[in-house]
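Undergrad: Next up is a structure, given as structure tokens.
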Amino acid sequence: MDLELENKIAIVTGASRGIGKAIARELAVCGSDVVVCARNAEDLELTAREVSEETGRQVVPITADTTSTPQVESMVAQAAQRFGKIDILVNNAAAPGGIARGPLETISDDDMLDDLNTKVVGYLRCARAVAPHMIQNGWGRIINIGGLSARNSSGSNVSAGVRNSGLVNLTKYLAQELGPSGITVNLIHPGATRTERSGPAYEEQARREGITVEQVEARVAANNATKRIVDASELAYVVAFFASPRSIAISGEAIAAGGGAGTAVHH
Ligand SMILES: NC(=O)c1ccc[n+]([C@@H]2O[C@H](COP(=O)([O-])OP(=O)(O)OC[C@H]3O[C@@H](n4cnc5c(N)ncnc54)[C@H](OP(=O)(O)O)[C@@H]3O)[C@@H](O)[C@H]2O)c1
């Protein structure tokens, strides 16, 4: 299937590393030019150069903190000026796993609010800033990256679940609001996903528990129906489909891309 992503213009937030970088790379491989966004300029420039050299597409680094409305608006304005349109937004910037953790008496209001500000309000800020450009073109794709903690209480990790659940409603709202203008909005929930952070994290966990890295990985994979850990590049394939004109049949949905993690069914 041709995903028809040739010469589309995409913005991917949180794209200097991890899942966002893998998504930026896949969209570029599919023929899109990509604006990559994150806070740290040095990391972002390195990533942009690497992905551009690898794919032959324009990959433009624009720094912005998605907790700042003026910075988001400036980033989107620069992207629109550079390319003349914006077709695709991938909202991904956030601290994986959330930052407000229990036990209850130690959860700080500031951590809770910071996390919601980055992941829920941050995604809203970016959607609001790109919407006029997509409406003008009568076409757009917004893909929000959530997390499977939206569907399970993740124990002590309270803000991760609260923010990812919040994105379910935000996604549906945006889909209804923007659908008449040819824009679809969907939410992808990764499970535990392999990124460049995973190797060192698994090694550290293995050291702490006196077990092997293979045992740590097997334990992570055991929760998945496929008994393997999803790689960021595989998550990016899912996002590329939702970024494509071919995904027109789906909007306002939350889709798990965690290798069949967990046992719950969702109607
Ligand atoms: N990895 C997983 O297993 C997993 C599982 C479920 C869900 N997720 C979700 O997937 C997304 C990406 O996770 P990841 O593991 O790839 O994270 P990561 O490796 O830590 O990368 C996060 C990216 O977001 C950027 N960022 C963070 N806060 C930002 C802000 N306020 N403004 C702009 N950029 C910001 C970071 O760059 P700077 O620090 O330079 O800004 C970086 O580029 C997150 O939404 C996470 O919750 C991940």
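The values are calculated or read from the model by the stated rules, or taken from the named source; none is laboratory data. This is a predicted model, so every value here is computed, not measured. FYI the Cβ positions are ideal-geometry reconstructions off the backbone, even for glycines, and counts take in every protein chain you see. Just the protein is used for accessible areas: all its heavy atoms, side chains included, with ligands, DNA and RNA removed. Shrake-Rupley method; radii C 1.70, N 1.55, O 1.52, S 1.80 Å.
Undergrad: Taking loop as defined by DSSP and a crowding limit of 10 other beta carbons within 10 Å, which trypsin sites (Lys or Arg not before Pro) in segment 79-173 fit?
TA: Numbers: sites: Arg82, Lys85, Arg101, Lys119, Arg125, Arg128, Arg141, Arg151, Arg163, Lys172; in loops: Lys85, Arg101, Arg151.
Of the trypsin sites (Lys or Arg not before Pro), not one in the loops of segment 79-173 has a Cβ with at most 10 other Cβ atoms within 10 Å.
Undergrad: If R0 is 25 Å, what FRET efficiency do you get for Ile250 and Asn152 from their C-beta distance, rounded to 0.05? List each step's numbers first, then the result.
TA: Working: r = 23 Å, r/R0 = 0.92.
For Ile250 and Asn152, the calculated efficiency is 0.60.
Undergrad: Rolling a 1.4 Å sphere over the protein heavy atoms, what is the accessible area per residue of the chain, to the nearest Å²?
TA: Numbers: 12560 Å² over 267 residues.
Accessible area per residue: 47 Å².
Undergrad: Rounded to whole Å, give me the distance from the Cα center of segment 79-102 to that of segment 17-63.
TA: So the two Cα centres are separated by 12 Å.
Undergrad: Please work out the C-alpha center-to-center distance from segment 107-165 to segment 234-255 and express it in whole Å.
TA: If you average the Cα positions of each part, the centres end up 17 Å apart.
Undergrad: To test your reading of the geometry: what angle, between 0 and 90 degrees and rounded to tens, separates the Cα axis of helix 213-222 from the longest principal axis of the chain?
TA: The helix 213-222 is inclined about 70 degrees to the chain.
Undergrad: With springs connecting C-alpha atoms under 10 Å apart, model the chain as a Gaussian network and identify which of Asp111, Asp87, Asp231 has the largest mean-square fluctuation.
TA: Asp111
Undergrad: Taking a temperature of 10 °C and a viscosity of 1.306 mPa s, what whole-number D in µm²/s does Stokes-Einstein yield for segment 63-145 with Rh from Kirkwood over alpha carbon pairs? Each step should come with its number before you reach the end.
TA: Numbers: Rh = 13.8 Å.
Reported coefficient: 115 µm²/s.
Undergrad: Would you check the accessible area of Thr263, probe 1.4 Å, heavy atoms only, in square angstrom rounded to 10?
TA: Rounded to the nearest 10, the figure is 140 Å².
Undergrad: Straight-line reach from Lys172: which lysines fall under 28 Å, measuring Cα to Cα and dropping same-chain residues less than 8 apart?
TA: Lys8, Lys21, Lys85, Lys119
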